[in-house]
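The values are calculated or read from the model by the stated rules, or taken from the named source; none is laboratory data. In this text, all values refer to a predicted model and were calculated from it rather than measured experimentally. Here Cβ is always computed from backbone atoms with ideal geometry, including for glycine, and neighbour counts include all displayed protein chains. The protein model used for the area step is the full one, side chains on, heavy atoms only, and it has no ligands, DNA or RNA in it. Shrake-Rupley method; radii C 1.70, N 1.55, O 1.52, S 1.80 Å.
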Amino acid sequence: MIESQFILIQQILSVITLILGAALIIFIYDAYKVIRQPTLLFFTIGLFTLVIGIVLPDLILMAGPEISVVYWGEVASRILEIIGIGVMNFAVLRG
């Protein structure tokens with residue numbers, strides 16, 4: 001019982017993370033359309049990759065696959081997070 005409640009809470013928080021991440025991405029992209037600075041576009045791409053990487057394990061758990069798929073989903077999640085942070089760092093350093 002408690003495990004199913006824990007999974008439900010994770011799924012709800014995952015959806016909230018997606019919504020807040022999407023809102024932030026939209027705000028940054030709107031700023032890019034006004035300013036036309038490529039740094040903001042790279043930052044938006046990095047943030048998108050980071051948000052998807054953060055919620056990927058929860059999205060995979062919603063499908064209810066076997067344990068090996070969950071494991072590789074977590075590995076892919078970490079890789080996406082590293083790529084997203086790297087792109088954001090590139091955008092900031094490119095300035």
**Request:** Pop out the carbon and sulfur fraction of the accessible area of the chain as a percent, whole number, probe 1.4 Å.
**Result:** 75 percent
**Message:** What number do you get for the stretch 1-76 when its Cα radius of gyration is normalised by 2.2 N^0.38 Å, N = residues?
**Reply:** 1.37
**Request:** Starting from the Cα of LYS33, move 7 Å in the Cα-to-Cβ direction to define the label point; list residues of the stretch 58-95 whose amide nitrogen is under 15 Å from there.
**Result:** none
**Complete:** Treating only Lys and Arg (+1) and Asp and Glu (-1) as charged, each at its beta carbon, one finds that the chain has a dipole about its Cα centre, in Debye to the nearest 20, of 520 debye
**Prompt:** Using a 1.4 Å probe, what is the accessible area per residue for the stretch 5-85, in Å²?
**Reply:** 65 Å²
**Message:** Let me check I've understood the local charge: for PRO57, count other residues with C-beta under 12 angstrom from its C-beta, Lys and Arg +1, Asp and Glu -1. What total comes out?
**Reply:** -2
**Message:** Using the basic label-point model (7 angstrom from Cα toward the beta carbon), what is the ALA22 to GLN5 distance in nanometres?
**Reply:** 2.9 nm
**Prompt:** Residue separation times 0.36 nm, minus the C-alpha to C-alpha distance between VAL75 and MET62: what's the value?
**Reply:** 3.0 nm
**Asked** To the nearest 500 deg cm²/dmol, what mean residue ellipticity at 222 nm is calculated for the chain from DSSP H runs of n ≥ 4 alone, each contributing -39,500 (n - 2.57), summed and divided by the residues?
**Response** -33500 deg cm²/dmol
